[in-house]
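> Following this message is one structure expressed as structure tokens.
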């Protein structure tokens, strides 16, 4: 039977509450939602939606790799935006990271994110079972 395991990476922001950065179960990995925090400082990065989306995807990439997966193995993402007017700019950067793998995706506008972030993304990916 599969075992639930916490996945952690120093290349992604530390969890700031009672949750794991990511969790693996069998051949799947589930990430916590990532906002554009600098892993070294835990602070929100400077810049607009493109810079924030890039940092979020780098954080997700670090977690997936720590769990034996990759962005190319992502099956589903959920994107949270505080302004759907930023969709095209977010999508441009998202395509740079995930355009070839074409995971399923939902995009939702919400009223606010922690620390004033403009974007948060969570992912579910396949992984090597032996990882």
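None of the figures in this text is laboratory data; all of them are computed from the coordinates on show. Not measured: the values here are computed from a predicted model. Glycine gets a Cβ as well: all are built from the backbone with ideal geometry, and neighbour counts include every protein chain shown.
> Relative to the longest principal axis of the C-alpha atoms of the chain, give the angle of the C-alpha long axis of helix 49-66, reported between 0 and 90° and rounded to the nearest 10°.
Helix 49-66 sits roughly 10 degrees off the main axis of the chain.
> Regarding the chain, what is the average projected area of its C-alpha convex hull, in nm²? Walk me through the numbers before you get to the answer.
Values: hull surface 30.5 nm².
Its Cα hull, projected and averaged over all orientations, spans 7.6 nm².
> Where in the stretch 30-63 does the label zone of residue 92 land, with the point 7 angstrom along Cα→C-beta and an amide N cut-off under 16 Å?
Zone members listed by number: 47-55.
> Determine one quarter of the surface area of the Cα convex hull of the stretch 75-131, which equals its mean projected area, and express it in nm² to one decimal. Please list the in-between numbers first.
Values: hull surface 19.2 nm².
With the hull built on Cα positions only, its mean projection is 4.8 nm².
> Now a separate question. Would you look at the GNM of the chain, springs on alpha carbons closer than 10 Å, and say which of 56, 16, 93 moves the most?
16
> Using the alpha-carbon atoms, what tilt in degrees (0 to 90, nearest 10) does helix 87-98 show relative to the longest principal axis of the chain?
Approximately 30 degrees, to the nearest 10.
> Between residue 100 and residue 40, how high is the FRET efficiency from 1/(1 + (r/R0)^6) when r is the Cβ-Cβ distance and R₀ = 35 Å? Nearest 0.05.
Result of the calculation: an efficiency of 0.75.
> Now, a different point. Determine the percent antiparallel among the DSSP beta bridges restricted to the stretch 2-126, to the nearest 5.
Given both bridge residues lie in the stretch 2-126, the antiparallel proportion sits at roughly 75 percent.
> Now for a different question. So between residue 107 and residue 50, what do we pick up on full extension, going 0.36 nm a residue minus the alpha carbon distance?
Full extension from residue 107 to residue 50 adds 18.9 nm.
> What does the convex hull of the Cα atoms come to per residue for the stretch 10-50, in Å³? Walk me through the numbers on the way to the answer.
Values: hull volume 3.8 nm³, N = 41.
So the per-residue hull volume is 93 Å³.
> Which one of 24, 69, 95 has the biggest mean-square fluctuation once the chain is modelled by GNM with Cα springs under 10 Å?
95
> Which of 121, 29, 45 moves the most in a Gaussian network model of the chain with Cα springs under 10 Å?
Judging by the Gaussian network model, the answer is 45.
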